[in-house]
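The next block holds one structure in the form of structure tokens; read it before the comments.
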Amino acid sequence: MGKPLLFEILEKPVTSCIIGICSAIWLYIQKKNIGYSNVGLSYETAIEGHHWRIITSAFSHISVIHLVFNMSALWSLGVVEKLGHMGLGIEFYLHYTLVLVILSGVLVLGMYHVLIQRFKLEYFRRVTAVGYSCVVFGWMTILAVKQPSSKLDLFGFLSLPISFAPFESLIFTSIIVPQASFLGHLSGIVVGYSIAWGLIHGMTNYWALSMLGWVVVVFVFSLKRSGTFDFSFIEIENVTDPSLPSVGFLASGAGRTLQMSAIPLVGGELV
């Protein structure tokens, strides 16, 4: 007989909070009929200054199956919170969840940049990704290195050896769910290995809070600058010297004020 659910929640407080947040966001998205193009991350919107999408894309899910799959895997991976004796634990989990959210999103954009600029694959310019899978795959990878004897339980009946779970899941989701973002999942694995092997290390409460503070600042100002949300109490001054000559493009009509909804999307990916 397993432990009572309440006891499991108390043992995995951060995981439980993240699942609650993602579920609440999913309900809000469904209630307001918000599309993935409004919250997802794409190369095109990133270069337009919508940096806030790195955060919103990670915690947003469009379909209930997408949400359940990610949250089921995350619940199993929450065992990291109970491994303080191995140098993991709640503090480690909080610190590196933040790192995974930010760096996996940045790495995805970097991959898109190479594919677009180097290989001329324009398809990736407007591909929009949403979902928490980048972080899920990152924690799969960390746990595979730190505790290879663990199991990854999905939906309460499917169990995978954690040592093979990252790449098994990468192949499985790519075959079963064609819309699944291979690059998004791969970025989570790459960042996960970087953390597990110590290439990314040294996160303390000070650095985590500093990083979180900068994330909040960039999030708010990118929302303001992109015109997505009007923070009337924030003013962004133009630092251009009017005495200097400037070069610009003349935009006809309302070309400079197009919203995301007015841009046709090539496709969306679930991460």
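The values are calculated or read from the model by the stated rules, or taken from the named source; none is laboratory data. It should be emphasised that the depicted structure is a prediction, and the values quoted were computed from it without experimental measurement. Glycine also receives a Cβ, built like all others from the backbone with ideal geometry; neighbour counts cover every protein chain displayed. All accessible areas refer to the heavy atoms of the entire protein, side chains included, with ligands and DNA or RNA removed. Shrake-Rupley method; radii C 1.70, N 1.55, O 1.52, S 1.80 Å.
Observations on the model:
- Among (1) within 21 Å of Leu212 (Cβ to Cβ); (2) not in a helix (DSSP H, G or I), the one test that Ile25 misses: (2)
- A single entry from Val130, Val145 fulfils the requirement of being in contact with a Leu (Cβ under 7 Å, 6 or more places away or on another chain) and of a type in the set (Val, Ile, Thr): Val130.
- Against the numbered list (1) assigned to a helix (DSSP H, G or I); (2) surrounded by 12 or more Cβ atoms within 10 Å (Cβ to Cβ); (3) modelled with pLDDT under 95; (4) more than 17 Å from the chain's Cα centre (by Cα), Ile34 comes up short only at (1).
- Members of segment 131-178 found to be under 22 Å from Cys22 (Cα atoms) and surrounded by fewer than 16 Cβ atoms within 10 Å (Cβ to Cβ), listed by number: Phe155, Gly156, Val177
- Of the residues making up segment 221-234, those that are touching a residue at least 24 places away in the same chain (Cβ under 8 Å) and either open to solvent by less than 40 Å² (accessible area, probe 1.4 Å) or not in a loop (DSSP other than H, G, I, E, B) (or both) are Ser222, Leu223, Arg225, Ser226.
- Consider segment 95-124 and keep the residues that are of a type in the set (Phe, Trp, Tyr) and touching a Phe, Trp or Tyr at 6+ places or on another chain (Cβ under 6 Å). The one that is most open to solvent (accessible area, probe 1.4 Å) is Phe124.
- Given (1) in contact with a strand residue (DSSP E or B) (Cβ under 9 Å, 6 or more places away or on another chain); (2) closer than 19 Å to Ala180 by Cα; (3) β-branched (Val, Ile, Thr); (4) part of a helix (DSSP H, G or I), index of the condition Ile62 fails: (4)
- Close pairs (6 angstrom Cβ cut-off, 6 or more residues apart or separate chains): open to solvent by less than 50 Å² (accessible area, probe 1.4 Å) in segment 198-211, polar (S, T, N, Q) anywhere: Ile200/Ser194
- Extreme residue, most open to solvent (accessible area, probe 1.4 Å), among residues of segment 70-91 that are farther than 15 Å from Val145 by Cα, within 18 Å of the chain's Cα centre (by Cα) and among the hydrophobic types (A, V, I, L, M, F, W, C): Trp75
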